[in-house]
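Taking it in order: structure first as structure tokens, then the write-up.
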Amino acid sequence: MSQINFRIDPEDMEIIREVAKSKGMSLSEIAKRSLLKEIQAKRIELAFQRLKEGEIGFKKAWKLSGLSYEKFLLEWAQRDAIEIIPDNLLAREENFALNFDLSKLLKHRD
């Protein structure tokens, strides 16, 4: 786990304490939930933007979005999203397939 530290003025701290107390939560838990709630929509947009630009693939976009798999698929369909596969990845995979030595798999087959 990682940690985020930040300063907050006393008035805001008192308000956060009251909110946390009313919800039966610790200060750190209320701060964590508030932060994650605040960035949720931005995570989804960033995931689909990076997917569209070919920077990440389907799985990384799904993880970045923070959505469940089913919700991600619904969002995918609503956006009519496509996965961009970089040319260099295709070339590397093609090169591997063309140069793979099948004799290693067929060895000792008599």
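Pull up the stretch 65-99, narrow it to residues that are part of a helix (DSSP H, G or I) and among the polar types (S, T, N, Q), then point me to the one that is most open to solvent (accessible area, probe 1.4 Å). Working first, answer last.
Filtering the stretch 65-99 for residues part of a helix (DSSP H, G or I) gives 65, 69-79, 87-99.
Those still in the list that are among the polar types (S, T, N, Q) too: 65, 78, 88, 95, 99.
Working: Ser65: 0, Gln78: 143, Asn88: 115, Asn95: 87, Asn99: 111 Å².
Selected residue: Gln78.
Which one of the conditions (1) at pLDDT below 85; (2) within 30 Å of Glu45 (Cβ to Cβ); (3) open to solvent by 80 Å² or more (accessible area, probe 1.4 Å) does Lys60 fail to meet, given that it meets all the rest?
Unmet for Lys60, out of (1) at pLDDT below 85; (2) within 30 Å of Glu45 (Cβ to Cβ); (3) open to solvent by 80 Å² or more (accessible area, probe 1.4 Å): (1).
Can you tell me which residue in the stretch 45-57 is nearest to the chain's Cα centre (by Cα), limited to those that are in a helix (DSSP H, G or I) and surrounded by 12 or more Cβ atoms within 10 Å (Cβ to Cβ)? Outline the logic, then answer.
Looking only at the stretch 45-57, we keep the residues that are in a helix (DSSP H, G or I), and these are 45-52.
Retained after the next criterion (residues that are surrounded by 12 or more Cβ atoms within 10 Å (Cβ to Cβ)): 46-52.
Details: Leu46: 9, Ala47: 7, Phe48: 10, Gln49: 12, Arg50: 10, Leu51: 11, Lys52: 14 Å.
Residue satisfying both the conditions and the ranking: Ala47.
Among (1) loosely packed, with under 10 Cβ neighbours inside 10 Å; (2) part of a helix (DSSP H, G or I), which single condition is Met13 missing?
Status for Met13: all satisfied but (1).
Out of Ser34, Ser22, Ser28, Ser2, which single residue is assigned to a helix (DSSP H, G or I), loosely packed, with under 10 Cβ neighbours inside 10 Å and without any contact (Cβ under 8 Å) to a residue 60 or more places away in the chain?
Working: Ser34 fails: loosely packed, with under 10 Cβ neighbours inside 10 Å; Ser28 fails: loosely packed, with under 10 Cβ neighbours inside 10 Å; Ser2 fails: assigned to a helix (DSSP H, G or I).
Checking each option against the conditions leaves just Ser22.
The values are calculated or read from the model by the stated rules, or taken from the named source; none is laboratory data. Note that this is a predicted model, so its numbers are computed, not measured. Cβ coordinates were reconstructed from backbone atoms using ideal geometry, including for glycine residues, and neighbour counts include every protein chain displayed. Ligands, DNA and RNA are stripped out before the accessible areas are found, and what is left, the full protein with its side chains, is counted by its heavy atoms. Shrake-Rupley method; radii C 1.70, N 1.55, O 1.52, S 1.80 Å.
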